[in-house]
Structures are given as structure tokens and as C-alpha cells.
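Inspection log for the structure reproduced underneath, given as C-alpha cells.
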Amino acid sequence: MKSTILIICTMLALATAPAFAAEVAAEHEHGPDGTTLQLDAGRKWQTDAPLRQNMGRIRQTMATALQAIHENRLGDAKYTELARQVQSAVNDIVAQCKLPPAADAQLHIIVGELLTGAGQMDGKSADHGRRDGAVTVIGALEKYGKYFDDSGFRPLEH
């Protein structure tokens, strides 16, 4: 039941991500419900294997295009492909990840940013360009590394 609800929520988020882009950007480290991204009593939040694997996938996806993003020479088709890869990994996170409720609530803030960035990279935002979406995804990856315990995860160097 919980996974069905999460899948439905993810589908809704994918459909409405561009509408929330400006709102999420203004919230910085806050979720749409006002939840603040924070550590777990001074420690990073626990992770599970599906989360670590899929966040690694997103990181690798963005790493392969990082230079072209920085040089502003990535074409629309490549941004669309990046968006689809990020969305696919987020779908897998939502479907497979089994975190405790408090960690899950924190992860949803990052998932929201990933979906917003993917929507922007896919060209679905009138207010933000595709490159802005890449910056949003990279920012979400940085927050993941800062707030979640994943010893194998390395932030992108940019």
C-alpha cells in the first residue's frame, strides 16, 4: 500500500514539477510542506542500498555532462536525456527505498529538488532554462551528500 501511494505521489510530482520549480527554488532547504532539511540529531540520515545505488546513478549521469553544462554547450536533446535518466533513478528510489519515516521525510525534500531539476532539464518550465535544471539537480546531490550517510558518495566537483 505504501509503495503504491509513493508511486502515485511520484507520478503526480513528475507531472507537476515545473509548476513548483520557482517555489522549490525559493524554499532552498525546505520541502513544499515547510519541512526543513536537517541532520538526525547531528548525524547524517541513514540510507539503504537502493537509495545509495540510485543516487550514485544520478551523480554519474550528471558527472558525464558536467563539463558541457559548465561551458553552456549542452544541447536540448542531451538535457532531455539527462532529465529522463534522473527521473528514472528517482522512480527507482521511490519504488525501492525503505527508510524510516523521519529519514524518508528528509529524503522527500531532495527528491522534490531532483524532480524539479529534471522537469526544467526536460524543457517543461517556462520560468527556468534547461541549464537551471541541471544546477538544481547538482544542488540536490550536494545536499544528499551533506545530509545522508552514504560513504561511497562523492559530491560533484564543479
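Only the coordinates and a few stated rules stand behind these numbers; no lab work does. Remember, it's a predicted structure, so these values are computed and weren't measured experimentally. Counting neighbours? That spans all protein chains shown, and the Cβs are built from the backbone with ideal geometry, glycine included.
Under the rule a/c < 1.5 gives rounded, and otherwise a/b versus b/c splits prolate from oblate, where does region 97-136 land using the Cα gyration tensor?
Note, shape of region 97-136 comes out prolate.
Relative contact order of region 70-149, please, whole-number percent, based on alpha carbon pairs below 8 angstrom and at least 6 residues apart.
After rounding, I find 32 percent.
Given a cut-off of 24 Å, what percent of all Cα-Cα pairs of region 59-158 lie beyond it?
Taking all Cα-Cα pairs of region 59-158, the fraction more than 24 Å apart is 19 percent.
Is there a pair in LYS44/LYS98; LYS78/LYS146; LYS98/LYS124; LYS44/LYS146 whose C-alpha atoms are over 19 Å apart, and which pairs would that be?
LYS78/LYS146; LYS98/LYS124
Ranked from highest to lowest mean number of other Cβ atoms within 10 Å per residue, what is the order of the peptides 149-157, 112-120, 133-141, 94-102?
112-120, 133-141, 94-102, 149-157
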